[in-house]
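What follows is a short report on a single structure.
The values are calculated or read from the model by the stated rules, or taken from the named source; none is laboratory data. Because the structure is a prediction, the values reported are computed rather than measured. As a convention, Cβ positions derive from the backbone with ideal geometry for all residues, glycine included, and neighbour counts pool all protein chains shown. Surface areas here come from the heavy atoms of the whole protein model, side chains and all, with no ligands, DNA or RNA. Shrake-Rupley method; radii C 1.70, N 1.55, O 1.52, S 1.80 Å.
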Amino acid sequence: MKKLISVVLAGALALSLAACGSTPASTPASAPASEGAGTSASEPSSAAAESKQYIFSVDDLVGKNIGVQLGTTGDIYAQDVEGANVQQFNKFNDAVLALKQGKVDAVIIDNEPGKVFVEQNDDIMMLDEDFAVEDYAIALDKGSELTAQFNEAIAAIQENGTLQAILDKYINGVEGAEGYVTPEGTEYPNGTLTMATNAYFPPYEYYEGQDIVGIDAEFAKAICDYLGYELVIEDMEFASIIPAINSGKADFGAAGMTVTEERLLNVDFTDSYCTGIQSVLVLK
């Protein structure tokens, strides 16, 4: 029925699930308020109240209305749930709002962003059972010479403790953890690199004021600093990231992206830098 997929990358970095699975230290705004007529975000519809009691595990997703973010692996996995009506949204915020309004029965979402929404909305919860386990990596254009350079930088950044410092700041909640800060005197003789992302995926990327921050933002900054490039971050719909790389509008993509066979037809991926989990959100 359900399709439980574990993506295993050769040479993946030694990061445990626990390292990417505790409460994030920083959170963005919660799902936006409802617009127009309909059930309010704080008062789920009677339809939601009737359906929520039947979802205790991922097996209970059979025949349900499932919300996903368009183009994500959650979107891919949901298509394989027997009898499910999959509703695609451009942002996870919108999928969570639809859950709160009773328009969907569940949302398949990456574990860490899911925790943020649970923390900010006392009427939703996350199932204890994982839907899928996967590895995150950075996407680059097919045959790009940057792939080998990025892998070199990733190895160095892991070895010198920078990646762990970033995870300590955003996921592990280590008091006083500063993450990555560009060293004084850093120069960029090689120009700029543009990173495509979808900045509604806390704690990997999200807005603080006008700035895009998070694990991927700091990790990409550390990589670019190491390689002598100045980083530029472009926010876009998740489904637009790979086309942006292929068209040359972006040099690479980082948005908690999972390596899949389908994506490998269009882009190359670096070594993995973190392990992620697909989880399920439902109403309490």
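Summary of computed values
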{"item": "Scope the stretch 191-227; condition more than 21 Å from T258 (Cβ to Cβ), touching a residue at least 12 places away in the same chain (Cβ under 8 Å) and open to solvent by 10 Å² or more (accessible area, probe 1.4 Å); matching residues", "result": "G191, T192, T194, Y207, E208, V213, K221, D225, Y226, L227"}
{"item": "Residues (open to solvent by 20 Å² or more (accessible area, probe 1.4 Å) and not small (G, A, S)) located in the stretch 160-174", "result": "N160, T162, Q164, D168, K169, N172, V174"}
{"item": "Test result for K249, assigned to a loop (DSSP other than H, G, I, E, B), farther than 12 Å from K142 by Cα and among the charged types (D, E, K, R)", "result": "yes"}
{"item": "Cross-chain or 6+ apart pairs with Cβ under 9 Å, the stretch 48-65 first and within 12 Å of G83 (Cβ to Cβ) and hydrophobic (A, V, I, L, M, F, W, C), then modelled with pLDDT of 80 or more and open to solvent by 50 Å² or more (accessible area, probe 1.4 Å)", "result": "L61/E82; V62/E82; V62/G83"}
{"item": "Restricting the stretch 257-271 to residues that are in a loop (DSSP other than H, G, I, E, B) and at pLDDT 95 or above, the residue that is surrounded by the fewest Cβ atoms within 10 Å (Cβ to Cβ)", "result": "L265"}
{"item": "Which listed residue is surrounded by 17 or more Cβ atoms within 10 Å (Cβ to Cβ), closer than 21 Å to E218 by Cβ and more than 20 Å from the chain's Cα centre (by Cα), from I157, I138", "result": "I157"}
{"item": "Residue in the stretch 127-148 that is in a helix (DSSP H, G or I), at pLDDT 95 or above, closer than 23 Å to P243 by Cβ and not charged (D, E, K, R) present", "result": "yes"}
{"item": "Residue tally, condition assigned to a loop (DSSP other than H, G, I, E, B), within 17 Å of K221 (Cα to Cα) and of a type in the set (V, I, T), over the stretch 162-181", "result": "1"}
